[in-house]
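What follows is a single structure, written as structure tokens, with notes after it.
The values are calculated or read from the model by the stated rules, or taken from the named source; none is laboratory data. Bear in mind that the values here come from a model prediction, so they are computed numbers and not experimental data. Positions of Cβ are generated from backbone atoms using ideal geometry, with glycine treated the same way; all protein chains shown enter the neighbour counts. What goes into the accessible areas is simple: the full protein's heavy atoms, side chains included, and nothing from ligands, DNA or RNA. Shrake-Rupley method; radii C 1.70, N 1.55, O 1.52, S 1.80 Å.
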Protein chains: 2
Amino acid sequence: MAAKESNSSGAGDPARTLELLWRDGSAAPAGRRGPRQGLTVDAVVDAALALADGGGLDALTMRAVAQELGVTPMTLYTYVPGKAELLDLMLDAVFLRMDRPPFGPDEPWRTRVTAIADANRALFPRHPWLVELRIVRAPLGPGVMNKYEYELAAFEGLGLDDVARDSALTYVLGFVQSGARAELDARAVERESAMSDGEWWDAHEPLLARALDESRFPLATRVGEAAAIAYNGLYDAAHAYRFGLARVLDGLAALGARAE
Amino acid sequence: MAAKESNSSGAGDPARTLELLWRDGSAAPAGRRGPRQGLTVDAVVDAALALADGGGLDALTMRAVAQELGVTPMTLYTYVPGKAELLDLMLDAVFLRMDRPPFGPDEPWRTRVTAIADANRALFPRHPWLVELRIVRAPLGPGVMNKYEYELAAFEGLGLDDVARDSALTYVLGFVQSGARAELDARAVERESAMSDGEWWDAHEPLLARALDESRFPLATRVGEAAAIAYNGLYDAAHAYRFGLARVLDGLAALGARAE
DNA sequence: GCTTACTTTATACACTGTATAGAGTAGCCT
DNA sequence: AGGCTACTCTATACAGTGTATAAAGTAAGC
């Protein structure tokens, strides 16, 4: 099997993956021949998390994880079937460690949904690789399950049936992830280009006579300038989140009203 | 400068990039020394588009583009400064070729916004690489400018000020892109794993006693099953789009009402 | 003490974007 | 005409990826 660098999750042998996801840390490996293993799956996952948290998926190479742990790259393959499964384990671990404060019984749904949106948004600065990952067929480990259970409860009282509740959660999480991705992309470009948005604009603007032609693009030039002033730059992630979340909640409120 | 494979846009020398974006196809290259160029920038961009449209960014390698055009890889670098700039040109070309039927003067804003959402959604099946690309500091070429001008007009009559109009457009486009990404990710995983969602589920379900424990995860198991039945699978992109777009429009309507 | 299962290591492959250096071509000036 | 020079195009090279494969080392069970 070739490399392909797909950064996807949900590949590989299901039984082995699920066994790893629900593994017991306590496992006493009694009666196995050969040398005892010098590491644990948890150690591998933690080392991988440290690398990816610090430098994104680019920094997460099997060679780097191995070096971090003081072994050669191929050693990792006795703990984990491959990189795809390692990503599954990392994702479930992050979800498992999320804080899940219980909802008050008469907390309004807007507060609860805002809370889960905020909690998900808070994930990304700490784990920037989450926006690079294709999360399809989420690994059904303890982290994923607990998170899903908890977040579905946020929609209690909105008057949605089960299918609409799942759709609503997908919708909210999609919104949060979309904004986080835009924000992290913007920050990555600033870092890689060693140029702030302001510097980039200053470099381009003198050359942009054709693009910024007010007679050809009256709306674009006017609105673009107003937005640039209001955002104090090309893109204001915090503003986009506030604006979008208010729209999301209003949209859900309209759905709830219709359902009643 | 090392490779890094960042698939970003908005890098490189601004003047050169802008010159390429606003290039004249008609350019008579009179009075240049040395052999005449055997290709054109347009030919390079078209070859790159054909490759990326067919096989995503994985298929878009400088070597493949060169082979398609019957030259050696390094030849491309006389037409285009590098891969990042090539991606900028591809993106602007795609936007430039979008259909932009004029809006009727008393067409309601919901119809217009739905139209631009649909048009953007329609981009992705044809150009799957659009979801893989980090679009930051969009290349300010003719395609980007015309698209922005056109799409801003869709919000006429909603009663938004300029800043809110830009935010609303960003919000709508983010929603569409987010859904398209999820859909294409799902399809890519089906292809790469050579396993449909149904087969994947059949492989996992017998092993999932712990995950699907109804007493530990009552909501998750109930809602998950209802959704799986309703979607006829793990994920129904068309359903998510319909659901989400209705929520987006309702959210914008609430904003408009507030602004009036 | 031999077999056997296991852990760990070393090497190898095909592929990426592009820096660098060189070979070949043709317009311009004397 | 002949040389300079700007230009196009080619060949080679580098450091890096995930992991297949094969070999070397280790310890439990008979």
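Tabulated values for the structure
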quantity	calculated
Vicinal HN-Hα couplings computed from phi for the range A:207-217 (Karplus, 6.51 cos²θ - 1.76 cosθ + 1.60; Hz; Gly/Pro x)	9, 9, 3, 5, 5, 9, 5, 5, 7, 7, 10
Inter-site label distance for residue B:229 and residue B:100 at 7 Å from Cα along Cβ, in nm	4.8 nm
Gyration tensor (alpha-carbon) shape descriptor, the range B:145-226, a/c threshold 1.5	oblate
Square roots of five times the Cα gyration tensor eigenvalues for chain B, Å	39, 29, 14
All-pairs Cα distance distribution in the range B:93-172, expressed in whole percent, bin size 10 Å	16, 51, 29, 4
Percent carbon-and-sulfur accessible area, the protein assembly as shown, ignoring ligands, DNA and RNA, probe 1.4 Å	54 percent
Prolate/oblate/rounded call for the protein assembly as shown, Cα gyration tensor, a/c under 1.5 rounded	oblate
Chain B: DSSP helices with Cα axial extent of at least 27 Å and average Kyte-Doolittle hydropathy no lower than -0.5	B:162-193, B:237-259
Minimum 50 Å² accessible area buried by the other protein chains, the range B:229-260 residues, probe 1.4 Å, relative to alone	B:243, B:247, B:250
Ascending list, in nanometres, of distances separating the residue A:73 label from those of the other copies (7 Å, Cα toward Cβ)	1.8
Peptide A:148-157 - average C-beta neighbours from other chains (10 Å radius)	3
Label-reachable residues, the range A:216-260, where backbone N falls under 17 Å from a point 7 Å from residue A:122's Cα toward its Cβ	A:242
Rough spin-label spacing in nm, given labels placed 7 Å along Cα→Cβ, for residue A:222 and residue B:187	3.9 nm
Contour excess over end-to-end distance, with Cα ends at residue B:42 and residue B:201 and 0.36 nm allotted per residue	52.7 nm
Residues losing 20 Å² or more accessible surface upon assembly, the range B:119-139, compared with the chain by itself, 1.4 Å	B:134, B:136, B:137
Other protein chain Cβ atoms within 10 Å, averaged over every residue that makes up B:212-220	4
Nearest-first distances (nm) between copies at residue B:118, label 7 Å from Cα via Cβ	3.9
Accessible surface, per residue, of the range B:172-219 when the full set of protein chains is kept, probe 1.4 Å, Å²	53 Å²
The range A:45-88: C-alpha gyration tensor shape, a/c 1.5 cut-off, then a/b vs b/c	oblate
Whole-Å distance, taken between Cα centres, linking the range B:46-71 and the range B:95-156	25 Å
Most mobile of A:108, A:142, A:218 in a GNM of chain A (Cα contacts under 10 Å)	A:218
Translational D in µm²/s for the range B:36-150 (Stokes-Einstein at 25 °C, 0.890 mPa s, Kirkwood Rh from C-alpha pairs)	159 µm²/s
Mean-position separation - Cα centroids, the range A:193-256 and the range B:206-250, in angstrom	35 Å
5 angstrom amide H check on residue B:134, placed H, neighbours 5+ away	B:9
Accessible area buried, both sides summed, chains A and B with 1.4 Å probe, Å²	6700 Å²
